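Peer 1: Dropping the structure in here first, questions after.
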Amino acid sequence: MVVDELDKLHDGFAGCETLAFADLSTQMILVTNTQSTLRREALDSLCAQAVLVLGTNGQGALGQSAATAGAVATADTLRVFLRSTEEPNDALCCICSPTIDAEAFLAAARASLATITSTSQSGA
Amino acid sequence: MSDIDALVATLSTLAGKDGESFAHGARVLSQGGTPEPVAAILNAVDDTVLERLLRLDVDGQQIDLIAAGRRLRGIHAAAGADAATQALFGKVLSREEPDVVTAIGEFLTAQCATAQRVSLQSLPPKPFGNGGERGISAAGLAQLWEVGLTAEALPPMRRFLAANANALTATMHVKDGEMQGLSGDYKTLQTIWNQQVIAFREAHAKFQANADEPALICLEGAIESGDAIALAIEGDDVALISCGPEAMGALLSSWRMIAG
């Protein structure tokens, strides 16, 4: 299940705070990790940020085409947005501590999203 | 962290001067390239009167120096050195052997070239050379190695661009609306800047607690070459850059060290 994969990724990184699986076409968060305490308004905002950063329908707000991955680093937080390579409207939205190992987390998050997508497609 | 490590870290912090920071009990000499790492190391040598082993941690690489009387006597041991450089370890620096002095300077400079953090622990000395060989003063080495001990730090954006120059395929740097520099194949960046950056920043501001806070926004696969682009914002200092997609994680880490 998607939530299990999100929980597994969350548990693997001390600096990982919230993980959300989103549908960019409807701008909706479909599921979050179990321990997420974000309110609905905050999740909606996270999804809207993912839509802006990654773009939709092949078009991005910044760049020549929609991005496959995005990250926003500030002093307080690192937000990572990953688009599924199989289903471009599926995205993983992540809120992390700014001190997280960004390279390691990106690699693990990509693997998680690939697992989620393949599981969804196989109907498991 | 063990109890002893925790105690060392606490005592080091309590003994520190204002503005100093510590990591795992070691004093941070340079972070994100500020101050310039080799200058910071020489300043640490200049602060060392009694003979000590100065253990440097350069992004996880250990370098042990022997210093005394505000002089660097030499390198006791270090990781990451080739065989020719290792042959210099244990030798006391002398102006009569300029090749050795130059090689040691080049080694330290190379080790610190892209260092995000250099920290120092001052430890009891180990046997090194003959008692009569004093080494070379920090000020003398600064002159020989052409290092400015009091050089002012570059602004964060310039440090960020300099620290990641090897990973960037193009840059466009604008401060207070004035072009500061262009590099690489910047034409695509220029088009994006002219047509999209202002609107994007306005749209993205609502997701930030403070629209003026330093931020690095990276987008992978957003340009036709397959490169990633990133918008780095530090007040009125803004850079639009492109890099290989594999560089995104390293850029984020570098930004945190410099501007975070």
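Peer 1: Towards the positive end of the charge dipole of chain B, with charges on Cβ (+1 Lys, Arg; -1 Asp, Glu), say which of B:Ala162, B:Leu88, B:Gly105 has the farthest Cα.
Peer 2: Most positive-ward Cα: B:Leu88.
Peer 1: Please average, across the residues of A:73-82, the number of beta carbons from any other chain that are within 10 Å of each residue's own beta carbon, and give a whole number.
Peer 2: Taking the mean over all residues of the peptide, I get 6.
Peer 1: Okay, next question. If one takes the longest principal axis of the Cα atoms in chain B, at what angle in degrees, from 0 to 90 and to the nearest 10, does the Cα axis of helix B:3-15 lie?
Peer 2: It is inclined by approximately 80 degrees.
Peer 1: Lys/Arg Cβ at +1, Asp/Glu Cβ at -1, dipole of chain B taken about the Cα centre: which of B:Leu54, B:Ile217, B:Val38 is farthest positive-ward?
Peer 2: Result: B:Leu54.
Peer 1: Mind checking which of A:Ala20, A:Ala114, A:Ala73 has the largest fluctuation in a GNM of chain A, springs on alpha carbons under 10 Å?
Peer 2: Among A:Ala20, A:Ala114, A:Ala73, the largest GNM mean-square fluctuation belongs to A:Ala73.
Peer 1: State to the nearest 20 debye the size of the charge dipole of chain A about its Cα centre, where the only charges are +1 on K and R beta carbons and -1 on D and E beta carbons.
Peer 2: Using Cβ point charges on Lys, Arg, Asp and Glu, chain A gives about 200 debye.
Peer 1: Here is a follow-up. What ratio of Cα Rg to 2.2 N^0.38 Å holds for chain A?
Peer 2: 0.96
Peer 1: About the Cα centre, and with charges only on the beta carbon of Lys, Arg (+1) and Asp, Glu (-1), how big is the dipole of the stretch B:24-156? Nearest 20 debye, please.
Peer 2: 440 debye
Peer 1: Moving to a separate point now. Based on DSSP H runs of at least 4 residues, each adding -39500 (n - 2.57), what is the mean residue ellipticity at 222 nm of chain A after dividing by all its residues, to the nearest 500 deg cm²/dmol?
Peer 2: -12000 deg cm²/dmol
Peer 1: If the chain between B:Gln61 and B:Glu224 were fully stretched, how many nm would it gain, using 0.36 nm times the residue separation less the Cα-Cα distance?
Peer 2: That pair, B:Gln61 and B:Glu224, stretches by 54.9 nm at full extension.
Peer 1: Compute the FRET efficiency between B:Leu144 and A:Lys8 as 1/(1 + (r/R0)^6), taking r as their Cβ-Cβ distance and R0 = 51 Å, and round to the nearest 0.05.
Peer 2: According to the calculation, E is roughly 0.40.
Peer 1: Considering only protein heavy atoms, what is the solvent-accessible area of B:Ser137 at a probe of 1.4 Å, reported in Å² to the nearest 10?
Peer 2: Result for B:Ser137: roughly 40 Å² accessible.
Peer 1: Using a 10 Å cut-off around each Cβ of peptide B:219-232, what is the average number of partner chain Cβ atoms that fall inside?
Peer 2: Per-residue shielding by partner chains comes out at 6.
Peer 1: Could I ask something else about it? Let's see if you can work this out: charge +1 on each Lys and Arg Cβ, -1 on each Asp and Glu Cβ, no other charges. What is the dipole magnitude of the stretch B:136-202 about its Cα centre, in debye to the nearest 20?
Peer 2: Here the size comes out at about 120 debye.
Peer 1: Place a point 7 Å from the Cα of B:Glu51 along the Cα-to-Cβ direction; which residues of the stretch B:103-138 have their backbone N under 13 Å from it?
Peer 2: B:124-135
Peer 1: In deg cm²/dmol, rounded to 500, what helix-only [θ] at 222 nm does chain B give when every DSSP H run of at least 4 residues adds -39500 (n - 2.57) and the total is split over its residues?
Peer 2: Theoretical 222 nm ellipticity from helices: -9000 deg cm²/dmol.
Peer 1: A further question follows. If packing is taken as the average number of other Cβ atoms within 10 Å across a peptide's residues, how do B:197-204, B:35-42 rank, most packed first?
Peer 2: B:35-42, B:197-204
Peer 1: Carbon and sulfur together cover what percent of the accessible area of the protein assembly as shown at a 1.4 Å probe radius?
Peer 2: Whole-percent figure for carbon plus sulfur exposure: 49.
Peer 1: Subtract the Cα-Cα distance of A:Ser45 and A:Glu103 from 0.36 nm times their separation in residues, and report this length gain in nm to one decimal.
Peer 2: Contour length minus Cα-Cα distance gives 18.4 nm.
Peer 1: Chains A and B: buried accessible surface, both sides, probe 1.4 Å, rounded to 100 Å²?
Peer 2: The summed interface area works out to 2500 Å².
Peer 1: If I ignore ligands, DNA and RNA and count only protein heavy atoms, how much of B:Thr188 is accessible to a 1.4 Å probe, in Å² to the nearest 10?
Peer 2: 40 Å²
Peer 1: Now a separate question. Cross-link candidates for B:Lys91: which lysines have Cα within less than 21 Å, leaving aside residues fewer than 8 places away along the same chain?
Peer 2: B:Lys126
Peer 1: At 0.36 nm per residue, and after removing the present C-alpha to C-alpha distance, how many nm does the segment from A:Ala75 to A:Gln35 gain when stretched out fully?
Peer 2: 12.1 nm
Peer 1: Now for a separate question. Just to confirm my numbers, what's the Cα centroid distance between the stretch B:132-165 and the stretch B:57-119 in Å?
Peer 2: Each part reduced to its Cα centre gives a spacing of 14 Å.
Peer 1: Helix B:98-112 sits at what angle to the longest principal axis of chain B, using alpha carbons and giving 0 to 90 degrees rounded to 10?
Peer 2: 40 degrees
Peer 1: With point charges of +1 on the Cβ of Lys and Arg and -1 on the Cβ of Asp and Glu, referenced to the Cα centre of chain A, which listed residue (A:Leu106, A:Leu78, A:Gln59) lies farthest in the positive direction of the dipole?
Peer 2: Ranked along the dipole, the leading option is A:Gln59.
Peer 1: For chain B, compute Rh as the Kirkwood radius over C-alpha pairs and then the Stokes-Einstein diffusion coefficient at 4 °C and 1.567 mPa s; write the answer in µm²/s, rounded to an integer.
Peer 2: Reported coefficient: 63 µm²/s.
Peer 1: Moving to a separate point now. Against the longest principal axis of chain B, how steep is helix B:37-46, in degrees 0 to 90 to the nearest 10, with axes from Cα atoms?
Peer 2: Tilt relative to chain B: about 30 degrees.
Peer 1: A further question follows. Can you compute the FRET efficiency between B:Asp176 and B:Asn130 using 1/(1 + (r/R0)^6), with r the Cβ-Cβ distance and R0 = 45 Å? Round to the nearest 0.05.
Peer 2: Between B:Asp176 and B:Asn130 the formula returns 0.20.
Peer 1: I've got another one for you. Could you do me a favour and compute the accessible area per residue for the stretch A:1-114, 1.4 Å probe, result in Å²?
Peer 2: That works out to 42 Å² per residue.
Peer 1: Roughly what would the spin-label model give for A:Ala111 and B:Asn210, points 7 Å off Cα along C-beta, in nm?
Peer 2: Between A:Ala111 and B:Asn210, the simple spin-label model gives 3.7 nm.
Peer 1: Count, for each residue of A:54-65, the Cβ atoms from other chains sitting within 10 Å of its Cβ, then give me the mean as a whole number.
Peer 2: Average neighbour count from other chains, rounded to a whole number: 6.
Peer 1: What figure, in Å² to the nearest 10, do you get for the accessible area of A:Thr119 with a 1.4 Å probe and non-protein molecules left out?
Peer 2: 40 Å²
Peer 1: Based solely on C-alpha atoms, express the radius of gyration and the Dmax of the stretch B:16-129 in angstrom.
Peer 2: Cα radius of gyration and Dmax of the stretch B:16-129 are 13.3, 41 Å respectively.
The values are calculated or read from the model by the stated rules, or taken from the named source; none is laboratory data. Just so we're clear, the structure is a prediction, and the values are computed from it rather than from any experiment. Glycine gets a Cβ as well: all are built from the backbone with ideal geometry, and neighbour counts include every protein chain shown. In case anyone asks, the SASA skips ligands and DNA or RNA and just uses the protein heavy atoms, side chains included. Shrake-Rupley method; radii C 1.70, N 1.55, O 1.52, S 1.80 Å.
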